[in-house]
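Reading through the structure tokens given below for one structure.
The values are calculated or read from the model by the stated rules, or taken from the named source; none is laboratory data. Just so it is clear, the structure is predicted and the values come from calculations on it, not from any experiment. Using ideal geometry, Cβ is built from the backbone for each residue, glycine included, and neighbour counts are taken over all protein chains shown. These area figures cover heavy atoms from the full protein model, side chains too; ligands, DNA and RNA do not enter into them. Shrake-Rupley method; radii C 1.70, N 1.55, O 1.52, S 1.80 Å.
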Amino acid sequence: MTLFFTYIIAGLAVAMPVGAITVEMTKQGLKNGFMHGWVVGLGGMTIDFFLILALYLGLASILQLPFIQIPMWLIGAVFLLLIGYDSIKNADKDITLSGEKPNKSLWSTYRNGFLVAISPGNIVFWLSVFGAVLTNSYNAAEPTNFLVIAAGVLTGILLHDIGLLTIVATTRKVMSHSMIKGFSIIAGLVLMGFAGYFVYQFFVAITGVI
């Protein structure tokens, strides 16, 4: 239980920094309600689980090789740029105010979260975060402890998502259509900002290799 609760805290720490998933989750929560925002988080957690599994199996070291990692930053930038552009372009679409039934399917929302999380640049970023938090414990832990560690981290991320979306769902009740549209545009610009950060990391990595 001590190990489990320790990694719940680790999961919360990993989820706290504002990233592309948080932005997309908040946007969908405002546009379509709690469930849609949460499903974005579940899409992201699907990738989180596979990243934890990759660390456990030692695959993370392969993904962090320069000749693999460098192009991943650039591909990730393209992913986020396209998602950010789509957020701005469709800012006034699929908006349902509090009390209205969303038209957007939960599957399409889950897919959005999955695509943001699977962005190669995002994977590189989270591998470094998970690696810093978990690698030492993986070396020391028994194989049977993996499920406890993974469950703790994912529970921490889940608690963060529920807490964030509870705030979003409460805020949504007092927001108008135009306010939600404005936030969707801002979210798109932030996602494009993350794309710019990935491009910067690409050039930093290139400079370090040359």
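Evaluate E = 1/(1 + (r/R0)^6) for I68 and L159, where r is the Cβ-Cβ distance and R0 equals 41 Å; express this FRET efficiency to the nearest 0.05.
0.80
What's the FRET efficiency of K93 with F50 using the Cβ-Cβ distance as r and R₀ = 25 Å, to the nearest 0.05?
That pair, K93 with F50, gives E of 0.20.
Quick one: with all protein chains in place, what share of the accessible area of the stretch 26-72 is carbon or sulfur, to the nearest percent (1.4 Å probe)?
That fraction is 80 percent.
Largest first, how would K181, K31, K93, K104 line up by accessible area (1.4 Å probe)?
K93, K181, K104, K31
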